[in-house]
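Shown next, in structure tokens, is the structure this report addresses.
Every read-out reported here was derived from the displayed coordinates using simple, explicitly stated rules and does not represent laboratory data. Everything numeric in this text was worked out from a predicted model, so none of it was measured. No Cβ is skipped: glycine too gets one built from the backbone with ideal geometry, and neighbour counts run over all protein chains shown.
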Amino acid sequence: MLGRSKKISQSLTRTRRSFFGRVTELLGVSEISDELWEELEELLIQADVGVKTTVELVEKLQEQVNKARIRDAEAVKEILKRELIDILNSKVQRSDESPLLTVILVVGVNGSGKTTSIAKLAKYYKDRGKKVILGAADTFRAAAIDQLKIWGERVGVDVIAHQPRADPGAVVYDTIQAGRSRGADVLIIDTAGRLHTKYNLMQELKKVRRVAAKNAPRAPHETLLVLDATTGQNALAQAQHFKEAVDITGIFLAKLDGTAKGGIVFAIAKELGIPIRWVGTGEGLDDLAEFEAEAFVEGLFE
């Protein structure tokens, strides 16, 4: 089985071969000049690092280079790597608390890879000896309930589901009760994924959180937002909408292997202050990795 760092590195192949590959070339042979800074800025924006984040980053680099009187562009690359790692690590906070029953809410728009990501998480925890139960609280789409049941069978975990159009809060309640009675360790609950601009959806998510909090101490212990890495800046806009509606504690970045613009992680971490927790590294059930800033940045520059 591939290690975490190797999985992350392999998922960055497209990003590395495109924009960040060109950054490496630029800083490998160029002399430090105004043209270098302009080209670096352009490449980072094209890689979806984001305009605001890129401008701040390049200004910081220039400041450090001038202060230390650096003339070697290769040295700039090492400073850039450190700054990128700092961006990704700045908001990472993990609780030392380990609740007896961990409740994870998963949110995200339809088509983001939400259901597949839930299945990957379920297998991850099951492979580590945890008893996992899934909750099908995306009751607006019959297909979502059916998909979760199929994934549950494949992974070998129970799925708590009601009929389509049932109250999502009731599904969350029943999932927590089932978790207690069956001795589960981890509950992963799918939620509705209609367009993030819909007011009713956001109100529904708030209600689901309230039901979880009422029925399990300090629940939900994690609220993961699944984003499709291939959508670039659209993913950033989605994250902003969801952050305004519910307390997002982390990002599951799906389909990282399918994009050349993996730089979106820096925009998310810097502009929204939400840590990346997981990345989808392929299509298989085992194709996920816990996010590691150092491995991610090294993977960009290999």
*With only alpha-carbon atoms counted, please give the Rg and Dmax of segment 34-162, in Å.*
22.4, 65
*Any idea what the relative contact order of the chain is, in percent, if you count C-alpha pairs under 8 Å spaced at least 6 apart?*
28 percent
*Which value, in debye to the nearest 20, describes the size of the charge dipole of segment 22-127 about its Cα centre when Lys and Arg Cβ atoms bear +1, Asp and Glu Cβ atoms bear -1, and nothing else is charged?*
820 debye
*19 Å reach of a label modelled at Gln233, 7 Å along Cα-to-Cβ, counting backbone N of segment 105-128*: none
*With a bin width of 10 angstrom, please list the P(r) values of segment 3-50 as percents of all Cα-Cα pairs, from the 0 bin to the one holding the largest distance.*
25, 45, 24, 6, 0
*Qualifying trypsin sites (Lys or Arg not before Pro) in segment 6-101, DSSP loop, other Cβ atoms within 10 Å at most 11*: Arg69, Arg71, Arg94
*Placing +1 at every Lys and Arg Cβ and -1 at every Asp and Glu Cβ, with all other atoms neutral, what dipole size does segment 1-81 have around its Cα centre, in debye to the nearest 20?*
780 debye
_Calculated over segment 98-218: convex hull of Cα atoms, volume per residue (Å³)_ = 94 Å³
*Percent of alpha-carbon pairs separated by more than 36 Å within the chain*: 21 percent
*Check Val159: other-chain or 5+ apart residues with amide H under 5 Å from its amide H, H built from backbone geometry?*
Leu134
*Over segment 156-302, consider all pairs of different Cα atoms and compute the Kirkwood hydrodynamic radius from their mean reciprocal separation; express it in Å, one decimal.*
16.7 Å
*State the extension gain, in nm to one decimal, for the chain segment bounded by Arg71 and Leu100, taking 0.36 nm per residue of separation less the distance between their alpha-carbons.*
4.9 nm
*Give, rounded to the nearest 20 debye, the magnitude of the charge dipole that segment 93-243 has about its Cα centre when Lys and Arg contribute +1 at Cβ and Asp and Glu contribute -1 at Cβ.*
160 debye
